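What follows is a single structure, written as structure tokens, with notes after it.
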Amino acid sequence: MSSTASLDNSTHWADINAARIVRERGPKEHYTCASGITPSGTIHIGNFREIISVELVARALRDRGQNARFIYSWDDYDVFRKVPRNVPNAGKFEAYLRWPIILVPDPWEKESSYARANEVELETVLPELGVTPEYIYQADQYRNSGYAEGIRTALQHRELIRALLNEHRTQPLPPEWWPISVFSSFTNKDTTVVLEWDGEWAVRYRCEETDKEETLDLRSTGLVKLLWRIDWQMRWKHEDVDFEPAGKEHHSAGGSFDTARTVSQQVYGQTPPVTFKYDFISIKGRGGKISSSSGDVVSVRDVLEVYQPEIVRHLFVGTRPNAEFAISFDLDVIKIYEDYDKCERIYFGIEEVGEKRRAKEARIYELSQVHAVPERAPLQIPFRHFCNLLQITAGDIDRAVALFPGTDSLSEEELHRLRRRGSCAWNWINRFAPDDFRFTLKTGAEPPIELSDVQRVAVVALADEVRDRAAEHDEKSLAQAIYDIAAANGIEPKELFQIMYQVLVGKDQGPRLAGFLLTLGQSRVEEILGPYRTQR
RNA sequence: ACCCCCUUAGCUCAGCCGGCAGAGCAACGGAUUCUUAAUCCGUGGGUCGCAGGUUCGAAUCCUGCAGGGGGUACCA
């Protein structure tokens, strides 16, 4: 872990923001870093940017010796506005429109509610990425009247809030506007009209569907909710939030963050938190290949199918929050893995670079780790090579790892990481890699391909070479032997390569032949090539 | 209308709380009798969008302008 002294010089955005928080909020016993999303659907990788941004800043605060509280507010008292496309029995769910999502049943019938189902989906994946916030469930808070005070404060400043919001509106808010909404106790829906407030804790409303009226006590019923544009600031006050980033859609003049600042200050007397704007995430290379289990949304889990956790972190750590970037599922995946491996080599001093670059990459590497930084430089199996190994072993990850030199003395932790990479590589090959990258090794049991006599003799000569002298060869010398065999049999090297690929994988091309043969090993090569000895 | 971001090599971009303009890819030259964007060695290439300002010194800070992109004002 870096010393505080070096962190002061860090140019990483997480460190810069951590320093800014301490400077602007003054000395505090702890700093509260907040994030929050509505669980009204699958949490996608774009939402994840907010979570990881907060996690990184909280980590940066801790790295400089501060206490950081990382909270994550689930707005599960939000309204069910539309039935998502990926929901089974969508028709049945029409009946729950306008209900709070915490009361909508789980369409997959596993969790206690639709909201909870979405929450669980994310909460189970985040620890894999080293993200462990303290969850706050707003439905609980509201229904236990935990926000009663904050609601009353908003009601007391009704006119001020209206005026502040009106500053940026084309249509002023109507006279009957209130900063709250009410869920009807008769229908569970928010199709209600607020009638009056007694200046203290009593709110009277009418349910539009049933035409019934009722008076609620803010201290004992949880049916009243603050409108979103006020709820946010109320929570800043309630949790004393010091830092909360927001998407670019909130960071415009007149946008939600803008009005939130003034409301926070003037209504709640709370200095707005330090913030920054983060840009959107796009997706590249997923077109038509697969229909995500969650509609056309790419979830955090979907990304982890192809990227190791530390590489997912690396993507976000290494990109300034206000820059848009794409999560790629195409050929870029290889480059992303290579970039990470390079960063790792720089961290461990295996690859020499200038001091400025080294410091930068080292900090990125630290922040990319799920847990602590490894004690020694991990063995790297390049992603592309791993793809080849896995295709040789038909997806058997442990055997693929074993084919790579130096893997017999690894710790369990190191093996775990390699297996995870293997699993990603295998997923990528099967689902996203271009056809050129894919091959299926022959077993030797299938009918041999048609060859001319000359071709067959050359194949057998190469088979003999591997069977008798594989142990003496390295990649280079075997490559030379291949050329010698081609020459001795009077065929073009190019033709021999093509034949060999046809014989081995049924295609005109494949992995570099010499290395490929050595990786396959004598017995495997013999199984496939052996039948050509007897073929006439 | 308002707000924000971007503009740096042919392309994609890094560099931005000031200190000799960088990387990857492409191109070009060479090597290699292989190959899954092939590998290795080497070379060339930029008025840092434009115009001002601050400074000993500006890609970097400030002001203005131009072009491109995004966002906001209704609902959450």
Worksheet item: Among the listed residues A:ARG49, A:ARG69, A:ARG59, A:ARG81, which satisfies the condition of being part of a strand (DSSP E or B) and basic (Lys, Arg)?
Response: A:ARG69
Worksheet entry | In the stretch A:318-342, the residues that are buried (at least 22 other Cβ atoms within 10 Å of the Cβ) and hydrophobic (A, V, I, L, M, F, W, C) | A:ILE327, A:PHE329, A:VAL333
Discussion item. Could you check the stretch A:274-285 and list, in sequence order, the residues that are under 21 Å from A:ASP240 (Cβ atoms) and either part of a loop (DSSP other than H, G, I, E, B) or polar (S, T, N, Q) (or both)?
Written reply: A:THR275, A:PHE276
Practice prompt. Consider A:ARG420 carefully, then state whether it is away from RNA strand B (no atom under 15 Å from the Cβ) and loosely packed, with under 14 Cβ neighbours inside 10 Å.
Written response: no
Practice prompt. Look at the stretch A:351-395 and say how many of its residues are within 21 Å of the chain's Cα centre (by Cα), within 14 Å of RNA strand B (Cβ to nearest atom) and of a type in the set (Ser, Thr, Tyr).
Written response: 0
Discussion item. For the stretch A:308-342: of the residues being in contact with a helix residue (DSSP H, G or I) (Cβ under 6 Å, 6 or more places away or on another chain) and of a type in the set (Phe, Trp, Tyr), which is nearest to RNA strand B (Cβ to nearest atom)?
Written reply: A:TYR337
Response to the item:
Taking first residues from the stretch A:5-24 that are under 17 Å from A:LEU56 (Cβ atoms) and second residues anywhere that are surrounded by fewer than 14 Cβ atoms within 10 Å (Cβ to Cβ) and modelled with pLDDT under 90, the pairs with Cβ under 6 Å that are 6 or more apart or on different chains are A:TRP13/A:ARG320
Fill in: Residue list for the stretch A:242-273, filter: assigned to a loop (DSSP other than H, G, I, E, B) and either within 18 Å of A:PRO321 (Cα to Cα) or more than 16 Å from RNA strand B (Cβ to nearest atom) (or both)
A:ASP242, A:GLU244, A:PRO245, A:LYS248, A:GLU249, A:HIS250, A:HIS251, A:SER252, A:GLY269, A:GLN270, A:THR271, A:PRO273
Worksheet item: Can you tell which of A:GLU111, A:GLU134 is within 30 Å of A:PHE316 (Cα to Cα) and modelled with pLDDT of 95 or more?
Response: A:GLU134
Item to complete: Consider A:PRO172 carefully, then state whether it is within 16 Å of RNA strand B (Cβ to nearest atom), surrounded by fewer than 21 Cβ atoms within 10 Å (Cβ to Cβ) and either more than 21 Å from A:THR32 (Cα to Cα) or aromatic (Phe, Trp, Tyr) (or both).
Response: yes
Worksheet, complete the sentence: Restricted to the stretch A:1-25 and to residues being within 12 Å of RNA strand B (Cβ to nearest atom) and assigned to a loop (DSSP other than H, G, I, E, B), the residue modelled with the lowest pLDDT is A:ASN9
Worksheet item: Take the residues of the stretch A:176-216 that are of a type in the set (Val, Ile, Thr), assigned to a loop (DSSP other than H, G, I, E, B) and in contact with a Phe, Trp or Tyr (Cβ under 9 Å, 6 or more places away or on another chain): which is farthest from A:ALA139 (Cα to Cα)?
Response: A:THR210
Discussion item. Can you pull out every residue in the stretch A:236-291 that is touching a helix residue (DSSP H, G or I) at 6+ places or on another chain (Cβ under 9 Å), exposed (fewer than 15 other Cβ atoms within 10 Å of the Cβ) and of a type in the set (A, V, I, L, M, F, W, C)?
Written reply: A:PHE280, A:ILE290
Worksheet, complete the sentence: If we keep only residues of the stretch A:152-175 that are among the charged types (D, E, K, R) and outside any helix (DSSP H, G or I), then the residue nearest to the chain's Cα centre (by Cα) is A:ARG169
Discussion item. Would you confirm whether or not the stretch A:224-235 contains a residue that is more than 10 Å from RNA strand B (Cβ to nearest atom), free of Cβ contacts under 8 Å to residues at least 60 places away in the same chain, surrounded by 15 or more Cβ atoms within 10 Å (Cβ to Cβ) and within 30 Å of A:PHE48 (Cα to Cα)?
Written reply: yes
Fill in: Pick from the stretch A:128-159, criterion of a type in the set (A, V, I, L, M, F, W, C) and touching a helix residue (DSSP H, G or I) at 6+ places or on another chain (Cβ under 6 Å), ranking: nearest to A:LEU227 (Cα to Cα)
A:ALA154
Fill in: Sole residue being under 30 Å from A:GLN266 (Cα atoms), among the charged types (D, E, K, R) and out of contact with any Leu (no Cβ under 8 Å at 6 or more places or on another chain), chosen from A:GLU149, A:GLU109
A:GLU149
Discussion item. I'm told A:GLU413 meets every condition in (1) touching a Pro at 6+ places or on another chain (Cβ under 9 Å); (2) surrounded by 14 or more Cβ atoms within 10 Å (Cβ to Cβ) except one. Can you identify the failing condition by its number?
Written reply: (2)
Worksheet item: In the stretch A:318-361, which residues are small (Gly, Ala, Ser) and either part of a loop (DSSP other than H, G, I, E, B) or without any contact (Cβ under 8 Å) to a residue 60 or more places away in the chain (or both)?
Response: A:GLY318, A:ALA323, A:ALA326, A:SER328, A:GLY349, A:GLY354
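The values are calculated or read from the model by the stated rules, or taken from the named source; none is laboratory data. Remember, it's a predicted structure, so these values are computed and weren't measured experimentally. Cβ sites come from the backbone with ideal geometry, for glycine too, and all protein chains shown count toward neighbours.
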